[in-house]
């Protein structure tokens, strides 16, 4: 989260600097030199994603006050549906938002596609594998990764149960972020001579079954 805040700080400071260099800056109704519109696009309702959204919004408000700029933040939720997220992306671009902050992979991919060629910065969060998701090396796109330390997690498991014989690997095969940690888990377990049982599920009923 600290790294993301640093990125957002840089974005706001750059925007404020550009505003200060403008030869004819109009005053907004807020009394600030300029007001920036920020769209926070959350992929779905989830406690951890909710926490990220709340923290980002609060910190952005603080930064806006420090930089003496107005700030309008609007939240969007894609309900974990790519079509809905694409519609949100089109709306955000059409409404002229200055910054888009997608939370989670599909939201980020849809926002990057929508903002392509517009110059609108996209700063993503909660992406486990940005490279595999096609979110690296793109102009006006940056953010942070919350990649799993797979070996550390498995080492903790072995510390608690050192005689484990088989490990279950349950993941969503429709989520590209699953690919890298699952591959790492398989390789590590194989190096330890531990068997694994691999299962996939993309919905609650599939996982329960």
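In the condition set (1) more than 15 Å from the chain's Cα centre (by Cα); (2) farther than 12 Å from residue 41 by Cα, residue 127 is compliant with all but (1). Restricting to the range 117-132, name every residue that is in contact (Cβ under 8 Å) with a residue 12 or more places away in the chain, under 25 Å from residue 95 (Cβ atoms) and outside any strand (DSSP E or B). Listed by number, the residues that qualify are 118, 119, 120, 121. Give the residue that is surrounded by the fewest Cβ atoms within 10 Å (Cβ to Cβ), with candidates limited to residues of the range 181-199 that are out of contact with any helix residue (DSSP H, G or I) (no Cβ under 8 Å at 6 or more places or on another chain) and touching a residue at least 12 places away in the same chain (Cβ under 8 Å). Going through the qualifying residues, I end up with 197.
Pairs meeting the criteria (first residue in the range 54-68 and farther than 17 Å from residue 34 by Cβ, second residue in a helix (DSSP H, G or I), beta carbons under 6 Å, at least 6 apart or on different chains) are 59/5. Determine, yes or no, whether residue 95 is surrounded by fewer than 22 Cβ atoms within 10 Å (Cβ to Cβ) and touching a residue at least 40 places away in the same chain (Cβ under 8 Å). So residue 95 passes the test. Scanning the range 155-169 for residues that are in contact with a strand residue (DSSP E or B) (Cβ under 6 Å, 6 or more places away or on another chain) and loosely packed, with under 13 Cβ neighbours inside 10 Å turns up 166, 168.
For the residues 10, 57, 26, 64, the requirement of being surrounded by 15 or more Cβ atoms within 10 Å (Cβ to Cβ), out of contact with any helix residue (DSSP H, G or I) (no Cβ under 9 Å at 6 or more places or on another chain) and either outside any helix (DSSP H, G or I) or modelled with pLDDT of 55 or more (or both) singles out 57.
The values are calculated or read from the model by the stated rules, or taken from the named source; none is laboratory data. What you are looking at is a predicted structure, and each value in this text was computed from that prediction instead of being measured. When we count neighbours, we look across all protein chains shown, and the Cβ atoms used for this are built from the backbone with ideal geometry, even at glycine.
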